[in-house]
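Everything below concerns the one structure shown next.
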Amino acid sequence: MADPSAPPTDQLAVTTLNDVSSSHVLKAEFSDRFTIRSIISRPDGGSVLASQKVRVGGWVKTGRKADKDAFAFLELNDGSCPGNLQVIVEASLGDLGQLVPTGTCIVVDGELKLPPPGAKQKVELRAEKVLHVGPVDPAKYPLPKMRLTLEFLRDYVHLRPRTNTISAIARIRNALAYATHTFFQKHGFLYVHTPIITTSDCEGAGEMFQVTTLFSEAEKLEKELLENPPPSEADIEAARAFVKEKGDVVSQLKSSKASKQEISASVDELKKAKESLSKLEERSKLRPGIPQKDGKTDYTRDFFARQAFLTVSGQLQVESFACSLSSVYTFGPTFRAEHSHTTRHLAEFWMVEPEFAFADLEDNMNCAEAYVKFMCQWLLDNCIDDMEFMADKFDKGCIDRLKMVASTPFVRLSYTEAVEILEEAVKNGKKFDNEVKWGIDLASEHERYLTEVKVQKPVIVYNYPKEIKAFYMRLNDDSKTVAAMDVLVPKVGELVGGSQREERYDVIQRRIKEMGLPLEPYEWYLDLRRYGTVKHSGFGLGFERMILFATGLDNIRDVIPFPRYPGRADL
């Protein structure tokens, strides 16, 4: 049991990893083992820990027998860091043939030793006892000791975290999530959980997953009706006749002035007969298939008694808290039923969405820039070993890109200025697949040209044409543009999209109608403008896009643990 008087674990961890003179190594929380990170991720590589006894557990990355099978070298990794701990196991401790296959899980007790001079590792573990072996059949294990493509690994989403790349991405993703909460908590934002199931379409795009029990209920009813067919007209007529018979009996008893006891018993029988008839009549109305009313699906028979969808954004709901608590954010999954197979789209992805009151477009751009810079610096400060792995294996410039973004002021361009730059590029011979003219929604190739070629740093484009933006964005005085902004970064293009929100009741009501959306689902949203309206702003950051930007990977399916896209929803 932990000593409550001991210093916080985080403080001890910092001391252990950064103080070369410290000869202490901490046990993992809630476990009797030591993490491999606590041994090898010190500035001295763990050499000062030589002669300490430790217990470690992990999965074998590579293993080989040596000295005529007298012992085995195992490269062990437990997911706590990219590096492996070399473990030397003598044949007397167990069946080496079971230990060396890639993917084998082992737990061993042993003593940390200094390796021979010239060795790559700074410390190694001489096993003294093998406590656990989770064996692997090398002939069946789908992740052999060879370089595997990320596309291949998508067929094994349950095992791919065991690879160096996916485990590094998992730690980077974790670090960015930690950085997100740290940034907003540090700046006084409250974390609000917004609903995954919603009845409103935030983007007005209509590409939403519907949530319904109508199909399962219809299938259940169809099966039940096959096993227990509905009553026939003859059954109902017989039940009606029985009710009439029981009614006549009651009338006769009353007219003959029978005892109260007899009449009461007869009335009870009549009630039961009527209840039975009612159930038969109700059951006779049951029809297989989706319930219909006036030729349309009857959603009043659905679970929520109305149409419901998986959310495309938590923005509208979190705005209601911003209009009471001032500064809030939500961070959760969002969904798009878009049949896209590009490297930038998923059906399920995560969004970070802050909303803050008493803030205009300028405040919004300042917050978005500070947040992106904070995340970049956080990775440099807290995840450099994984970033070095990504630089070595995938994108040599990823660390320099993080440093540049963390330290460089973002360039700010109006949409009109951005289009003029692109038009000038076209005049000078640059060819884009998508036409460049005022009024277009900038394509990824346009965004990357601005960030990678023209200014070679992040760009914030603001004041977009109203026709290409959502109804909730504040209409500018020119009545042509809205106070929207997008943060564009090299490698990815759009990373953040946001705006000052339209706080004027009459204007936003008109905008909803212009977009062809029904007012009824947004009445609650309009209430925020009816009752104590306030200037407010917010944005959304695509979390997976941030990971793509940081790591330099090309496909968004590789930076989310369980990717969902058209045709695939494994596990």
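The values are calculated or read from the model by the stated rules, or taken from the named source; none is laboratory data. Because the structure is a prediction, the values reported are computed rather than measured. For neighbour counting, all protein chains shown are included, and Cβ atoms are generated from backbone atoms with ideal geometry for every residue, glycine included. Just so you know, the surface numbers come from the protein's heavy atoms only, side chains and all, with ligands and any DNA or RNA stripped out. Shrake-Rupley method; radii C 1.70, N 1.55, O 1.52, S 1.80 Å.
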*Subset of the stretch 517-535 [in contact (Cβ under 8 Å) with a residue 12 or more places away in the chain and either closer than 28 Å to R306 by Cβ or open to solvent by 30 Å² or more (accessible area, probe 1.4 Å) (or both)]*: L517, P521, Y522, W524, Y525, L526, L528, R529, R530, G532, T533, K535
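Scan the stretch 477-511 residue by residue and report those that are among the β-branched types (V, I, T) and buried (at least 20 other Cβ atoms within 10 Å of the Cβ). Write out each step before concluding.
Here is the first cut: in the stretch 477-511, the residues among the β-branched types (V, I, T) are 481-482, 487, 489, 492, 496, 507-508.
Across the stretch 477-511, the qualifying residues are T481, V482, V487, V489, V492, V496, I508.
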*asked:* Need the failing condition index for K220 against (1) within 30 Å of E388 (Cα to Cα); (2) surrounded by fewer than 17 Cβ atoms within 10 Å (Cβ to Cβ); (3) of a type outside the set (A, V, I, L, M, F, W, C), just the number.
replied: (1)
*asked:* Looking at (1) surrounded by fewer than 18 Cβ atoms within 10 Å (Cβ to Cβ); (2) modelled with pLDDT of 95 or more, which one does R173 not meet, given that it meets all the others?
replied: (1)
*Within the stretch 53-83, how many residues are open to solvent by 40 Å² or more (accessible area, probe 1.4 Å), farther than 14 Å from Q121 by Cβ and under 41 Å from the mean Cα position of the chain (by Cα)?*
4
*Just one of (1) open to solvent by 70 Å² or more (accessible area, probe 1.4 Å); (2) more than 30 Å from F543 (Cβ to Cβ) trips up L112, so point out which.*
(1)
_Restricting to the stretch 117-136, name every residue that is modelled with pLDDT under 95 and open to solvent by less than 80 Å² (accessible area, probe 1.4 Å)._
A119, Q121
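Table: residues versus (1) of a type in the set (G, A, S); (2) in a helix (DSSP H, G or I); (3) open to solvent by 50 Å² or more (accessible area, probe 1.4 Å).
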residue: R287; (1), (2), (3): no, no, yes
residue: F309; (1), (2), (3): no, no, no
residue: S313; (1), (2), (3): yes, no, no
residue: S320; (1), (2), (3): yes, yes, no
residue: Y329; (1), (2), (3): no, no, no
residue: P333; (1), (2), (3): no, no, no
residue: T343; (1), (2), (3): no, no, yes
residue: N366; (1), (2), (3): no, yes, yes
*Determine the pairs where a residue that is small (G, A, S), located within the stretch 440-466, has a partner that is open to solvent by 50 Å² or more (accessible area, probe 1.4 Å) with Cβ atoms under 7 Å apart, the partner being 6 or more residues away or on another chain.*
A443/N434
*Exactly one condition in (1) open to solvent by less than 70 Å² (accessible area, probe 1.4 Å); (2) in a helix (DSSP H, G or I); (3) free of Cβ contacts under 8 Å to residues at least 60 places away in the same chain is not met by L402; state its number.*
(3)
*All but one of (1) hydrophobic (A, V, I, L, M, F, W, C); (2) open to solvent by less than 20 Å² (accessible area, probe 1.4 Å); (3) at pLDDT below 95 hold for V372; which doesn't?*
(3)
*Starting from the stretch 240-268, keep only residues that are under 26 Å from K279 (Cα atoms), then list their pairs with residues that are open to solvent by 40 Å² or more (accessible area, probe 1.4 Å) and among the basic types (K, R) whose Cβ atoms are within a distance under 7 Å, requiring at least 6 positions of separation or different chains.*
V243/K274; I263/K254
*Would you please name the residue that is nearest to the chain's Cα centre (by Cα), looking only at residues in the stretch 95-109 that are open to solvent by 30 Å² or more (accessible area, probe 1.4 Å) and more than 17 Å from A28 (Cβ to Cβ)?*
T102
*asked:* Looking at the stretch 405-420 only, could you name the residues that are over 19 Å from T481 (Cβ atoms) and part of a helix (DSSP H, G or I)?
replied: V405, A406, S407
*Can you find even one residue in the stretch 376-384 that is assigned to a helix (DSSP H, G or I), open to solvent by less than 60 Å² (accessible area, probe 1.4 Å) and in contact with a strand residue (DSSP E or B) (Cβ under 7 Å, 6 or more places away or on another chain)?*
no
_Index of the failed condition, R474 passing every other in (1) within 26 Å of the chain's Cα centre (by Cα); (2) crowded, with 20+ Cβ neighbours inside 10 Å_ = (1)
*For I460, indicate whether it is outside any helix (DSSP H, G or I), open to solvent by less than 60 Å² (accessible area, probe 1.4 Å) and farther than 19 Å from G498 by Cβ.*
no
*Go through the stretch 314-354 residue by residue and tally those that are farther than 24 Å from G552 by Cβ and among the charged types (D, E, K, R).*
4
*asked:* Which residue is least open to solvent (accessible area, probe 1.4 Å), if the candidates are limited to the stretch 547-571 and must be at pLDDT below 95, farther than 16 Å from H339 by Cβ and charged (D, E, K, R)?
replied: D570
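Report whether or not C383 is out of contact with any His (no Cβ under 6 Å at 6 or more places or on another chain) and over 22 Å from G497 (Cβ atoms). Before the answer, list the steps.
Details: out of contact with any His (no Cβ under 6 Å at 6 or more places or on another chain): yes; over 22 Å from G497 (Cβ atoms): yes.
Spelling it out, C383 is indeed out of contact with any His (no Cβ under 6 Å at 6 or more places or on another chain) and over 22 Å from G497 (Cβ atoms).
Would you point out which residue out of E275, E245 is more than 51 Å from the chain's Cα centre (by Cα), more than 30 Å from I512 (Cα to Cα), open to solvent by 70 Å² or more (accessible area, probe 1.4 Å) and not hydroxyl-bearing (S, T, Y)?
Numbers: E275 fails: more than 51 Å from the chain's Cα centre (by Cα).
Going through E275, E245 in turn, the sole match is E245.
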_Restricting to the stretch 76-120, name every residue that is of a type in the set (V, I, T) and either in contact (Cβ under 8 Å) with a residue 40 or more places away in the chain or not in a strand (DSSP E or B) (or both)._
V87, V89, V100, T102, T104, I106, V107, V108
*asked:* Quick check on my filter: what residues within the stretch 184-208 are at pLDDT 90 or above, closer than 30 Å to E514 by Cβ and exposed (fewer than 15 other Cβ atoms within 10 Å of the Cβ)?
replied: P195, I196, I197
*Take H158 and decide whether it is over 30 Å from N366 (Cα atoms), in contact with a Leu (Cβ under 7 Å, 6 or more places away or on another chain), open to solvent by 40 Å² or more (accessible area, probe 1.4 Å) and modelled with pLDDT of 95 or more.*
yes
*Provide a single number: the residues in the stretch 385-399 that are surrounded by 17 or more Cβ atoms within 10 Å (Cβ to Cβ) and either among the aliphatic types (A, V, I, L, M) or in a helix (DSSP H, G or I) (or both).*
7
*Which residues, taken from the stretch 421-442, are in a helix (DSSP H, G or I) and closer than 22 Å to V411 by Cα?*
I421, L422, E423, E424, A425, V426
*Could you tell me whether G295 is small (G, A, S), open to solvent by less than 30 Å² (accessible area, probe 1.4 Å) and either in contact with a His (Cβ under 9 Å, 6 or more places away or on another chain) or at pLDDT below 95 (or both)?*
no
